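Trainee: Take a look at this one; I'll ask things after.
The values are calculated or read from the model by the stated rules, or taken from the named source; none is laboratory data. Fair warning: this is a prediction, and the values are worked out from it, not measured in the lab. Don't worry about glycine lacking a Cβ; one is built from the backbone with ideal geometry, like all the others, and counts go over all protein chains shown. Just the protein is used for accessible areas: all its heavy atoms, side chains included, with ligands, DNA and RNA removed. Shrake-Rupley method; radii C 1.70, N 1.55, O 1.52, S 1.80 Å.
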Amino acid sequence: MKPGESCVRERFRNPATGPAPATCTESFRKVSLGIPLALCILGVLFALDIVLGSVNIPLDSLFAIITGGEVKDTWATIFWVWRLPKAITAVFAGAALALSGLLMQTFFRNPLADPYILGISSGASVGVALVMLSSGLAGIGAVFAGLGFLGDVGISFAAMLGSLAVLLLILVISAKIQSNVTILVLGIMVSYISGAIVTILLQFSDESSMHTYSFWTFGSFSGVTWGQLPLFAVLLTVGFVVSFLLAKPLNVLLLGEQYAVSMGMDYNKVKNTIMVSTAVMAGVVTAFCGPIGFLGIAVPHFCRSLFVTADHRILVPTCVIVGGIIALATDIISHLPGMDLVLPLNAITALFGAPVVIWVIVRGTRFGRGVTT
Amino acid sequence: MNSPAVLTCKDLTIGYRNQKTGMKEVSKNLNLLLNPGELVCLVGPNGSGKSTLIRTLTGIQPPLSGEVVLLGKKIADHGPEEKAKTLSVVLTTPVETGFMTAFDIVALGRFPHTNWAGRLTEDDNEVILSAIASVGASDLTHRFIHEMSDGERQKVMIARALAQEPVLMVLDEPTAFLDLPHKIETMRILRSVARSTGKAILLSTHDLNLAIRCADRLWIIDRHGTLISGIPEDLVISGIFGSAFGIHGVSFDPVRGEFAIPIEKKGTFVLEAQKSVEQIWTWYALERIGYLPAEGGMGDITVTIRNDGGKTMWEIRTGAVAEECASIAELIESISAFDRRGDLY
C-alpha cells in the first residue's frame, strides 16, 4: 500500500475525524423495521379479504372453518371455493405486477414504464378478444372461438398464447436492435396494433360478447380456481425468484447499459432474463386476472419513496409485499363489504391508489427526491 | 519507469466496418503505450476520431487490424469480469438516478468483486470509502447524487471508477460541462490518483491549455486521423498544435500555450511599465480591443502605468493629447473616444 493511501484509510478508521465506515444505514434501518410491519399488514388484509364481502363471515366461524369445526355450510363453501383462492390470487398477482413494473422501470430507466410496456397484455387482450368476440368469423377466428368452449381455461390459454406471441416478436427484434428505447417504442406500437385488432373485433360482435369482453378488461382476482392456482402460483414464484437473483445486475443497470457492461455484466443475458421474466409475470397475471393497471407502475415508486432507496436488494422484496398489500386492499374495497355489488377492480386500483401514491411522491419531492427510476 | 506497460497497441487501425460501404478507416499505424502512474490526455478537434480510439482501446469496438494488448493479453481475450477488474471507465452520459447516495454509486464499482447478491464485505467498504476520500468527496458520502452539482457528481463517478480497482482508467471528456476551477480540480485529482496509486489514466478532453499543463504525455489526433504522441512542451515547441487544430482565422499562441482569439487590427501601442499584473492585463486589454505591440519605439498610442502613492494610474498619450485614467475601463473609454474624434492618426 502506498503511503498516501494508508493515511486515507487510517482517517476512516478514526471515528473522530471522518464519517463512520457505514453502509447505506438509513435504508437498511427502515427496512429492518418496515418489512416485518408490512408483513403484519399483509396478514391482516389477507384475513379481512377473506372475511369481508357480500356475505361477511364472523371471525370465530373463520377459525372453526379452518380447524374443521361445526359451521354453516354456506360459509364453509364461500371460504373454500371463493374467498381463499381469491385472496391468494390477489397476493400473487399484486406482487407479480409490482415486480414486473420495477424490472421495466429499471431496464428502460423510465419512471413511466409499467409491466405492459412490452406489449404483453395487448397480445393477451387480442387472444382473449379472438376467443370471446370472433364467433362470427371464419378461419383462425373459428379456431380461437373453439377455445371459448373450454370456458375460463380457454380464455387464460388464449391470453397466454397472445402474450407469448408478443414476447417472441420482441425477443427476435431486440436481438437485432441494441437500443432499448427502440424496444420501448416497439412495445407501444404492438399495443396500438393490438388495440386496433380488438376494436375491429368489437365492431363485428354482438352485445353480449362485447359485455363479456369489457368485463374481462375490468380485471378480477376471483377467476382463479383451485385447479388453476398451482400453475398460477408456481409460474409467478419462478418470476419472483429470478427477479431476486437479478437484484445485483439491476443495480448496475441504474447507471445505464454502457457502465453495466464496463463492470463486466453480460448485458444480453440480463436483458433477455428481464424481458422473459417480466413477460411471464405480466402475461400470467393478465391471463388469469385480466389487464390490471396502475399497480405495476405505482408500487415501485411507492417503495422507493417509502424506503428511500434505489437498491434492488431492498426493492424486490418490498415490492412483493407492498404489491400484495395493495392488491388485497383494492380487492376488499371493490367487493363492497355487506353489499351484493362488485365494482371494477381496475377502477378501484386507480381511484384509491393514485391519491395515496401522489401523497407519498409529493412528500418525497419535498425532501428533494421525487419520482425517478 | 521500468514497470511493464499497462496497455500497448501495435500497428493498430481503427474505424468502422459497414456491410454496404466496406471499411471506413479513421486512423492507422497506431503504436501506443500507456505506462503505470502516467496521465495521458487525448486531444484533437471534433470528428478526428478520439471516441473511436477510446472505444477501440477499451474493447467496446474491434480494431480493423492490429491489436490492443492489456496487461500482456489481447483485450478481446479478457473475460468480461477479468477486464472489469483491469479497466474502468468514466463516460460522458450523465447519471440521473434518484434515491442513490454517493456511497451507493461508488459501491456499484465493486460489481466485479462481489458475490451474486452484491454483498459488500468489510474490505469492500474500506475500498469504497478510500476511493471517495482520494477524490476529496468524503463530505458527500451520504448525500444524494441528484442533489449534487456537476463537479461533485464527476468526483463521485471518478471514485466509482477507482473503487473498481483497475490498473487502467479511461475517461471520456471528464472536464466537459464543468466550470474552469472544477476542470482544474478534476485534473488535479486525476493526476494525484495516477501518482499515488500507480494507475495509468487516459482521458480525452477539449481543454487544450489544461491538458498541456497537466498531462504527462499528450496524444494529438489531427483532422486526418494522424496521431502524434509526445511530452506537452515538446509538442508546443514543434508547432504541432497549430497544424492539428488550426482553423481559418484561429491560431495557436505558443508563448501562452493557448489558442488566440483573432484580432482585428486597429493600431499599435507602446506600453511603458514595470513587469506586474497590471502590465500583463493592460497588455491583454489593448490586444483585445485591436492594438498590437509596436515594432520599434513608435506606436499609435503610448500607455504608461504609474503608481501614485499606492494608487495605479494609466496615462494615455497620442500625438499631442494625453489623458489620465484610474482603471482599464476608463483607459479603453479614452482610446475609443480618441478613435471617434480622429485624434489617433
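Trainee: Only bridges with both residues in the protein assembly as shown count here: give the DSSP antiparallel percent, nearest 5.
Mentor: Values: 37 of 61 bridges.
Bridges in the protein assembly as shown are about 60 percent antiparallel.
Trainee: Three principal axis extents, largest first, for the C-alpha atoms of segment B:100-164, in Å?
Mentor: 33, 20, 16
Trainee: Please work out the ratio of the alpha-carbon Rg of segment A:200-313 to 2.2 N^0.38 Å and round it to two decimals. Walk me through the numbers before you get to the answer.
Mentor: On the way: Rg = 18.4 Å, N = 114, 2.2 N^0.38 = 13.3 Å.
Relative to the rule-of-thumb radius for its length, segment A:200-313 sits at 1.38.
Trainee: Shifting gears a bit: For B:Glu165, enumerate residues with amide H under 5 Å from its amide H, sequence gap 5+ or separate chain, H modeled in the peptide plane.
Mentor: So B:Glu165 has HN proximity to no qualifying residue.
Trainee: May I pose another question? At a 10 angstrom cut-off on C-beta neighbours, averaged per residue, how do the peptides B:212-222, B:121-131, A:197-207 rank from highest to lowest? Before the final figure, lay out the partial values.
Mentor: On the way: B:212-222: 21.0, B:121-131: 18.5, A:197-207: 13.6.
Most protected by this proxy first, the peptides run B:212-222, B:121-131, A:197-207.
Trainee: To the nearest µm²/s, what D does Stokes-Einstein give for segment B:267-341 at 25 °C and 0.890 mPa s, using the Kirkwood radius over alpha carbon pairs as Rh?
Mentor: On the way: Rh = 12.3 Å.
Translational D for this selection: 199 µm²/s.
Trainee: Let's see if you can work this out: charge +1 on each Lys and Arg Cβ, -1 on each Asp and Glu Cβ, no other charges. What is the dipole magnitude of segment B:1-93 about its Cα centre, in debye to the nearest 20?
Mentor: Values: 11 positive and 7 negative charges, 62 e Å.
Computed about the Cα centre, the dipole is about 300 debye.
Trainee: Just to be sure I understand: of the beta bridges DSSP finds with both ends in chain B, what percent are antiparallel, rounded to 5? If you can, show how the numbers build up before the last one.
Mentor: On the way: 37 of 61 bridges.
Just about 60 percent of them are antiparallel.
Trainee: Next question, about the same structure. For the pair B:Glu258/A:Lys176, report the inter-label distance in nm, with labels modelled 7 Å from Cα in the Cβ direction.
Mentor: Label at B:Glu258, label at A:Lys176, 5.2 nm between them.
Trainee: Still on this model: How large, in Å, is segment B:5-164 by the Kirkwood hydrodynamic radius built from its alpha-carbon pairs? Let's see the in-between values first.
Mentor: Working: mean 1/r = 0.0568 Å⁻¹.
Every distinct Cα pair counted, the radius reaches 17.6 Å.
Trainee: Which order, highest average first, do A:210-216, A:249-255 follow once you tally other Cβ atoms within 10 Å for each residue and take the mean per peptide? Working shown, then result.
Mentor: Values: A:210-216: 15.6, A:249-255: 24.0.
Peptide ranking by packing, descending: A:249-255, A:210-216.
Trainee: Can you give me the angle between helix B:180-197 and the longest principal axis of chain B, using Cα atoms only, in degrees from 0 to 90, rounded to the nearest 10?
Mentor: Here the helix axis deviates by roughly 40 degrees.
Trainee: Using only atoms on other chains, find how many Cβ atoms lie within 10 Å of each Cβ of peptide A:251-257 and report the average.
Mentor: Values: counts 7, 5, 2, 9, 12, 6, 1.
Mean shielding count: 6.
Trainee: Distance from the Cα centre of segment B:310-336 to that of segment B:70-123, in angstrom?
Mentor: For segment B:310-336 versus segment B:70-123, the Cα centre distance is 60 Å.
Trainee: Let me ask you something else. Please grab the % of Cα pairs in chain B that end up more than 24 Å from each other.
Mentor: Working: 38410 of 59340 pairs.
That fraction is 65 percent.
Trainee: Moving to a separate point now. Please report the carbon-and-sulfur percent of the accessible area for the protein assembly as shown; probe 1.4 Å, protein heavy atoms only, DNA, RNA and ligands left out.
Mentor: On the way: 20740 of 32970 Å².
Carbon-and-sulfur percentage of accessible area, whole number: 63.
Trainee: Still on this model: In the Gaussian network model of chain B, springs joining C-alpha atoms below 10 Å, which of B:Leu286, B:Leu120, B:Leu202 carries the largest mean-square fluctuation?
Mentor: Per the Cα network of chain B with a 10 Å cutoff, B:Leu286 tops the list.
Trainee: May I pose another question? Sorted from largest down, give the three principal axis spans of the alpha carbons of segment A:165-233, whole angstrom values.
Mentor: 43, 37, 16 Å, listed from the longest principal axis down.
Trainee: So, one more: Per residue of segment A:186-198, in order, report the coupling 6.51 cos²θ - 1.76 cosθ + 1.60 (Karplus, θ = phi - 60°) as ³J(HN,Hα) in whole Hz, putting x for Gly and Pro.
Mentor: Computed from phi, the couplings for segment A:186-198 are 4, x, 5, 5, 4, 4, 5, 4, 4, x, 5, 4, 4 Hz.
Trainee: May I pose another question? Leaving ligands and nucleic acids out of the surface, order B:Lys73, A:Lys176 by accessible area at 1.4 Å, largest first. Write down the numbers at each step before the final one.
Mentor: Working: B:Lys73 70, A:Lys176 165 Å².
Sorted descending by solvent-accessible area, the residues read A:Lys176, B:Lys73.
Trainee: Hey, rough spin-label estimate for B:Ser251 and A:Met189, points 7 angstrom out along Cα→Cβ, what's it come to in nanometres?
Mentor: Output for this residue pair reads 5.5 nm.
Trainee: Something else about it: Okay, helix-only estimate at 222 nm for the protein assembly as shown: each DSSP H run of n ≥ 4 adds -39500 (n - 2.57), divide by all residues, round to 500 deg cm²/dmol; what do you get? Show your work: numbers first, answer last.
Mentor: On the way: 28 runs with 381 residues, N = 718.
-17000 deg cm²/dmol, from helical runs alone.
Trainee: What residue among B:Gln274, B:Pro62, B:Val170 has its Cα farthest toward the positive end of the dipole of chain B, where the charges are +1 on Lys, Arg and -1 on Asp, Glu, each on the Cβ?
Mentor: Working it through, the farthest residue towards the positive pole turns out to be B:Pro62.
Trainee: Across the residues of B:109-120, average count of Cβ atoms on other protein chains within 10 Å?
Mentor: Across B:109-120, the average partner-chain Cβ count within 10 Å equals 4.
Trainee: A follow-up question, please. What shape does segment A:263-321 take by its C-alpha gyration tensor, where a ≥ b ≥ c are the square roots of the eigenvalues and a/c under 1.5 counts as rounded, a/b above b/c as prolate, and the rest as oblate?
Mentor: Working: a/c = 2.75, a/b = 1.07, b/c = 2.56.
Since a/c reaches 1.5 but b/c is at least a/b, the shape of segment A:263-321 is classed as oblate.
Trainee: Here's another thing I want to ask about it. Based on the alpha-carbon gyration tensor of segment B:174-232 and its eigenvalue square roots a ≥ b ≥ c, which shape applies: rounded if a/c is under 1.5, prolate if not and a/b is larger than b/c, or oblate? Kindly include the intermediate steps, with their values, before the conclusion.
Mentor: Details: a/c = 2.24, a/b = 1.29, b/c = 1.74.
Taking the square roots of the gyration eigenvalues as a ≥ b ≥ c, segment B:174-232 is oblate.
Trainee: Across segment B:243-251, in residue order, what do the Karplus-derived ³J(HN,Hα) couplings come to in whole Hz, using 6.51 cos²θ - 1.76 cosθ + 1.60 with θ = phi - 60° and x for Gly and Pro?
Mentor: 6, 6, 10, x, 10, 3, x, 10, 10
Trainee: Set the Förster distance to 41 Å, then compute FRET efficiency between B:Ser229 and B:Trp281 from the Cβ-Cβ distance, nearest 0.05. Can you show the working numbers first?
Mentor: Numbers: r = 36 Å, r/R0 = 0.87.
It comes out at approximately 0.70.
Trainee: Considering all alpha-carbon pairs of the protein assembly as shown, what whole percent are spaced by more than 37 angstrom? Could you put the intermediate results ahead of the total?
Mentor: Working: 142811 of 257403 pairs.
In whole percent, the share of Cα-Cα pairs in the protein assembly as shown beyond 37 Å is 55.
Trainee: So with the 1.4 Å probe, I'd like the accessible area per residue for segment B:100-164, rounded to whole Å². Could you put the intermediate results ahead of the total?
Mentor: Working: 2070 Å² over 65 residues.
Counting only protein heavy atoms, the per-residue value for segment B:100-164 is 32 Å².
Trainee: Any idea how far apart A:Ser214 and B:Ile60 come out in nm if each label point goes 7 Å out from Cα toward Cβ?
Mentor: Here the answer is 5.2 nm between the modelled labels.
Trainee: How would you rank B:76-89, A:61-74, highest first, on the average number of other Cβ atoms within 10 Å across their residues?
Mentor: On the way: B:76-89: 18.6, A:61-74: 12.6.
Packing order, densest peptide first, comes out as B:76-89, A:61-74.
Trainee: While we're here: How many Å² of accessible area per residue for segment A:225-344, probe 1.4 Å?
Mentor: Details: 3560 Å² over 120 residues.
Spelled out: the 1.4 Å probe surface of segment A:225-344, per residue, equals 30 Å².
Trainee: Measuring from centroid to centroid over Cα atoms, what is the spacing of segment B:158-173 and segment A:34-101 in Å?
Mentor: The two parts, judged by their Cα centres, are 53 Å apart.
Trainee: Using a simple charge model, +1 on the beta-carbon of Lys and Arg, -1 on the beta-carbon of Asp and Glu, nothing else, what dipole does the protein assembly as shown show about its Cα centre, in debye to the nearest 20? Present the calculation step by step, with values, prior to reporting the outcome.
Mentor: Values: 54 positive and 59 negative charges, 239 e Å.
The calculation lands at about 1140 debye.
Trainee: Excluding ligands, DNA and RNA, what is the accessible area buried between chains A and B, summed over both sides, using a 1.4 Å probe, to the nearest 100 Å²?
Mentor: Details: alone 18270 and 18280 Å², together 32970 Å².
Buried surface at the A/B interface: approximately 3600 Å².
Trainee: Sticking with this structure for a sec: Can you pull the mean other chain C-beta count within 10 Å for peptide B:92-102?
Mentor: Working: counts 1, 5, 1, 4, 6, 10, 13, 15, 8, 6, 0.
Mean shielding by partner chains, rounded to a whole number: 6.
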